[in-house]
Structures are given as C-alpha cells and as structure tokens.
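Everything below concerns the one structure shown next.
The values are calculated or read from the model by the stated rules, or taken from the named source; none is laboratory data. Small disclaimer: the values here were computed from a predicted structure and weren't measured. Cβ coordinates were reconstructed from backbone atoms using ideal geometry, including for glycine residues, and neighbour counts include every protein chain displayed. We work out accessible area using only protein heavy atoms, side chains counted, and drop any ligands, DNA or RNA first. Shrake-Rupley method; radii C 1.70, N 1.55, O 1.52, S 1.80 Å.
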Amino acid sequence: MRVLGIETSCDETSAAVLEDGQRVLSNVVASQDDLHARYGGVVPEIASRAHLERLDSVVAEALERAETAPERIDAVAVAHRPGLIGSLLIGVTAAKTLAWVWRRPLVGVNHIHAHAVSAAMVLPEAPFPAVSLVASGGHTALYHVRGFTQIDLLGATTDDAAGEAFDKVASILGLGYPGGPAIDRAARGVRDDAIHWPRTMLAEDSLDFSFSGIKTAVLYHVHGTGGRRDGLARFTAEQIREIAASFQAAVVDVLVSKTLLAAERTGVSTVLVGGGVAANSRLRERLAAACSERGLALHLTPLPFCTDNGAMIAFLGWHELRAGRVSDLRLWASAS
Ligand code: KG4
Ligand code: ZN
C-alpha cells in the first residue's frame, strides 16, 4: 500500500510516498528558509503563497522519484493541524482534491503527533509504550504514547516553543535564520558555561515548559533593558558564540530533565524524540547520555525526518488508516 503524505503546516512544502508504512520511496522538501530569512522568522502570508506556488510540483516530484503513477497511490494523508492556518489550508485543499480525483481515501493527520512518532519510522517494531518529546518551531510538548493512535499530552509550553526561542535568540545574536542550526553550529567547540542562563522549570513536578524568560534574558544581556537594539557591537565573535553555547546548554538542560521526569512519572522505559529541535547535536548527545545512565531506551528521529516532512505524515496516516480512521471531504484545517 502506497500513501502520499502532504505537509504544509509551516514553511516547508513537502510531499512523500511511503510504501507499506515502512519504506520511504520519496520525501521531497522545498524549504522556504530563503524567503523568510530577511525577516528573521516565518511570515505567514509569504509562507502560504509559496506553498500554493510550489505544492503541485513538489507532489509531482515525489511521485516521480518514487516511480509511482497516481493510480498506484492507495491513500492520501495530509497534515491538517496544528500550524499556520493559511499554510495548512493549501495542503488540505490539495489533498482533498487529489483524494477526490483519484477516488482514494483521505486521512487528516495531527502534525505534532506525527513528530511524536517519527522516531518509529526506522524501527522494526512499534516502540510503545514510550514518552515522546516533541520540540519544534511552533510546539514543545511531552506525550505518553501507548500506540500510534493513543497519544496523550503530558505537558506543553506555556509560551514560546523551544525552536522559536532558538530562532529569536539567533536573530538577537545576528547568527541568521533558521536559528536552531545556526546556534548549533556557532556553539560547537565553544565553552558553554560563560553565562548561566535561567533554567525555567515552573513548578517542581511540572511537565510544562517556558522559554520566553531565557529569550528575554539574552535580549537584555545583549541590548540592555532600555529598548535599544545596538548592543551587539560590544561583543566579540567569540563572546557571541559563548552566549549561543550557554543558551543552547540551558534549553537542552530543561528539555532533558523534563523528558526524564515524564519517563519516571509514566513508568515507561522508552524515550522518543522528534521535531526540528531534535536535530540539535547537544540535545541528542545529552539525551543519549542521560537515557543510558538510567537504563532507558532512546530512539532519536533520523535527521531528515526531524524538521517538517511529508514522510512522517504518510507514516502516521498509514497507521491511522489501519486503525480504521478515515477523513472525508469535509476535513478542515485547524491552527490549534
Ligand atoms: O519541526 P519543524 O520543522 O517546524 C515546526 O513544526 O515548527 O521545526 C523547525 C524548528 C526551527 O525553530 C529551527 O530553528 C529548529 O527547528 N531547528 C533546530 C535545529 N534544526 C532545526 N533547533 C536547534 N538545533 C538544530 N540543529
Ligand atoms: Zn513540525
């Protein structure tokens, strides 16, 4: 069975063909980073317009690379929530149209749930029950995953997502966009204890996150509290890298300790990690060390499937279809 997966929830236009829920025959991702870089963040209007312009050719390329004629597609899966509403609508409308024209089942997939199980794409067996950390540009959450269609929220960010904090801090430090990879690179080989940023844990036993405090702390450290924006020139390139490295260390500390707390709380022995921030090299290292110390099995999502991609949508869509979940042409996009 071949599933076409479509993902347009934020700023990547992606389509993939997945065979039998296992083999990724193609996974085409058209990034819009170049369009948003000058603004230091995703501009929703520009994102939806770019999806509209690119999605047809991205789907065509996904079919071509998979050597799959449309008749050989058995179902269409689409990320229909959460995300930028204008962006989601482009993918959902395209998916509904293709499902209708091809007379194939359609399934709407929660894009954060797809991140939550994306580590399982390369595993021979379902790794559940597990705790899953999803850290992306728009969301940061911990889930108790008991099956592909049994994904329960344990905690989420109360303000900024981890990736959003990476993007904004990179912008404050003049490191470019997208900020996560830029900070990851800048921090490599640099001391990470030059500045001790706050680790916001909220209540002692809380599984929720908050990253706006550290973002503001970096802003004030660089520019002062007077609203000026000319402070960066006071720092050397090395000092900027140290700020980036110590910021990254603080965010990773919070993500790792809350993930361990979630595993302890739920009593599971498996940890999954997905979402764009799951590509972060320090997060991957720290989680590996912490999980091995505690005897927890860790499954990190492979790098090509961390940031938004159609393959993970096809993957969860395939499992949802197997569980009997099908959407109809009334499927609608939802920002939340
Ligand atoms: O999952 P994703 O593609 O989109 C959303 O669902 O939001 O995540 C994008 C986010 C961006 O904020 C980007 O800066 C961050 O993932 N990111 C990283 C790294 N690679 C991407 N953050 C930290 N380290 C990285 N290596
Ligand atoms: Zn995402």
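When each of the peptides 258-267, 167-176 is scored by how many other beta carbons lie within 10 Å of its residues on average, the order from highest to lowest is 167-176, 258-267.
Working from label points 7 Å from Cα in the Cα-to-Cβ sense, the ALA156 to ASP193 distance is 3.7 nm. Each part reduced to its alpha carbon centroid, the range 261-336 and the range 113-165 end up 4 Å apart.
Taking all Cα pairs closer than 8 Å and separated by 6 or more residues, the relative contact order of the chain comes to 26 percent.
A full extension of the chain between TYR39 and THR225 corresponds to an added length of 64.7 nm, given 0.36 nm per residue minus the alpha carbon distance.
Between ALA288 and ARG103, what is 0.36 nm times their sequence separation minus the Cα-Cα distance? Round to one decimal in nm. Working shown, then result.
Values: separation 185, 0.36 × 185 = 66.60 nm, distance 4.48 nm.
Going from the current span to full extension adds 62.1 nm.
Can you tell me the order of 244-256, 315-327 when each peptide is scored by its average per-residue count of other Cβ atoms within 10 angstrom, highest first?
Numbers: 244-256: 22.8, 315-327: 20.1.
Ranked by mean Cβ neighbours within 10 Å, highest first: 244-256, 315-327.
Ignoring any ligand, DNA or RNA, what whole percent of the accessible area of the chain comes from carbon and sulfur when the probe is 1.4 angstrom? Accessible surface attributable to carbon and sulfur in the chain totals 51 percent.
Tally the DSSP beta bridges in the chain and give the antiparallel ones as a percent, rounded to 5. Mind dumping the intermediate values first?
Details: 27 of 45 bridges.
In the chain, DSSP labels about 60 percent of beta bridges as antiparallel.
Label-to-label distance, ASP205 versus ARG330, with points set 7 angstrom from Cα along the beta-carbon direction: 4.2 nm.
Within the range 264-336, all pairs of alpha-carbon atoms sorted by distance into 5 Å bins from zero give the percentages 3, 12, 17, 18, 16, 15, 10, 6, 2, 0. With the cut-off at 27 Å, report for the range 78-210 the share of all Cα pairs above it, as a whole percent. Result: 37 percent of Cα pairs exceed 27 Å. Take each peptide in 278-285, 140-147, count the other Cβ atoms within 10 Å of every residue, and average; sorted highest first, the result is 140-147, 278-285. Calculated accessible area for the chain comes out at 42 Å² per residue, all protein chains present (probe 1.4 Å; ligands, DNA, RNA ignored).
Once divided by 2.2 N^0.38 Å, the Cα radius of gyration of the range 9-92 becomes 1.14. In the range 211-336, the inverse of the mean reciprocal separation of distinct Cα atoms equals 18.1 Å; this is its Kirkwood hydrodynamic radius. If the chain linking THR93 and ASP253 were pulled fully straight, counting 0.36 nm for each residue of separation and taking away their Cα-Cα distance, it would gain 53.6 nm. Evaluated at q = 0.09, 0.11 Å⁻¹, a Debye calculation over the C-alpha positions of the chain (equal weights, vacuum) places log10 I(q)/I(0) at -0.47, -0.69.
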